[in-house]
Ligand code: PEP
Ligand code: MN
C-alpha cells in the first residue's frame, strides 16, 4: 500500500499515519519529496480497509498495490488453471459447451433436450431444478424430481450436469446429482452459500452478479476457494446498464480483465444477456472470439411452450448451425471443442 500525504503535510500528521500503519503490522518506508512525502507500507493487507488511512488528517490518497484475493489471483498460477470436472478439462485448449433449457420442466422435455445437446457435441447439460424467479408466482422448479430426470437424461448421453443451487440447505441434495453447482447471478454475494459449495468437491459455476465489479466477483470466487474447492468456473452473463436494446449488457471485456487478474477459467452465457433468441448467436460468437473458455447457452426442444426463458432459448436447428460457426471461431482462437470431429459438418 502506498500512502501519499498532502503537500506540506505536518510532521505530526506523517507520524500519525506512520504509527497507524505500524500498529496494523506494516513496515513503513518514508520517501521525502520536495513538497510531498510518500509512505510505502509493506505487509499483509488482508482484512484492512484502505479507507481507514484515507480519512487520516494529512493523507491525500491511498494506492492499494496487491489484490485482495490470493487463491484466485493469477500470481498463484501465472500459466492459468485447467480444472478437471468429470471427464472435462476447463480452461485449457478445449472450449467447453454447456447447453440446455432454462428449467427442467419434465422428464420428456429434459431427455429431448439432452439428445439435442449431445448431438451438437456439447458436453454439459444445463437446466435449473431450483429456479430464482423475479416473481414468487412464476414456476419455481421441480426440485429433486427435476434433478433426477436431469441426471438420468445426462447419463443416457454421457453428459455432465450443471444446475443451480439457491440456498445452503440445498447444497447437499444438489451435489448428489450435479457435477457442476451453479451459483446464480443474484446469489453471487451470498457468502454462506459460497462457503457451503466450497466444502464440496464439485465444480462451481459462479455467475457474475448483475452489478458486480470484477474484483467483487473474484472475491466471491475466493470464498469458494478458501474452503478448499479450487474448481471455480467464472461465468459472465450480462450486467445492468442504461440501455434497453438487450436484457443485460454482455460485458465481453470481462474476459480479458479476468484473464489478467485470475488463473480461473471464464465462460460466457450469451442467453441471459440477449433475452431473445435472435440475438444469442452474435453474442455467443463474440464470447468465443474474446477468448472465453466456453459457453453456456439456453436451448429448448419446444421453446414456445417453455415455462421460463422460452423467448431466449435457441431452437434445436438454430443451435446446431451456431455450433458449426463456433467451431470455426474456436479454431481461429487456437482452441477446439471436445470431440470436434463428430459434429463438424453435421446438419
Ligand atoms: C439461469 O442460468 O437460468 C439463470 C437464472 O441465470 P442468472 O443467474 O445468470 O440469471
Ligand atoms: Mn434462464
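A short reminder: the numbers here are calculations on the coordinates, not readings from a lab. The structure displayed is predicted, hence computed values, not measured ones. Reconstructed Cβ throughout: ideal geometry from the backbone, glycine too, with neighbour counts over all protein chains shown.
Tabulated data for the structure shown
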item	result
Rounded to 10°, Cα long-axis angle of helix 144-156 versus longest principal axis of the chain	70
Rel. contact order, % - alpha carbon contacts under 8 angstrom, at least six apart, the chain	16
Within the chain, helix-based [θ] at 222 nm, where runs of 4 or more DSSP H residues each add -39,500 (n - 2.57), nearest 500	-9500 deg cm²/dmol
Neighbour-count ranking [beta-carbon atoms within 10 angstrom, fewest first] of 81, 169, 138	169, 138, 81
Theoretical gain in end-to-end length, residue 75 to residue 2 [0.36 nm per residue, Cα-Cα removed]	24.3 nm
Tail beyond 17 Å, pair distance distribution of region 162-226 (Cα, percent)	28
Between region 81-139 and region 268-295, the alpha-carbon center distance in angstrom	15
Distance in nm between pseudo-label sites at residue 246 and residue 44 (7 Å out along the Cβ direction from Cα)	4.1
FRET E, pair residue 191, residue 34, Förster distance 41 Å, beta-carbon r, rounded to 0.05	0.30
Antiparallel DSSP beta bridges within region 2-63, percent to nearest 5	100
Inter-part distance where region 1-59 and region 200-246 are each reduced to a Cα centre, Å	33
Gyration tensor verdict on region 67-223 (Cα atoms; rounded if a/c is under 1.5, prolate if a/b is larger than b/c, oblate otherwise)	oblate
Ratio of Rg to Rh over the chain (Cα coordinates, Kirkwood Rh, two decimals)	1.07
Descending principal axes extents, region 2-63, alpha-carbon based, whole Å	32, 20, 19
In degrees, nearest ten, helix 214-226 long axis to first principal axis of the chain (Cα)	80
Antiparallel bridge percentage (DSSP; both residues within the chain; nearest 5)	40
Base-10 log of normalised Debye intensity for region 213-347 (one unit scatterer per alpha-carbon) at q = 0.12, 0.14, 0.20 Å⁻¹	-0.52, -0.70, -1.20
FRET efficiency estimate (nearest 0.05) - Cβ-Cβ, residue 289 to residue 61, R0 41 angstrom	0.60
Against the rule of thumb 2.2 N^0.38 Å, how large the Cα Rg of region 72-146 comes out	1.44
Degrees between helix 280-289 axis and first principal axis of the chain (Cα, 0 to 90, nearest 10)	50
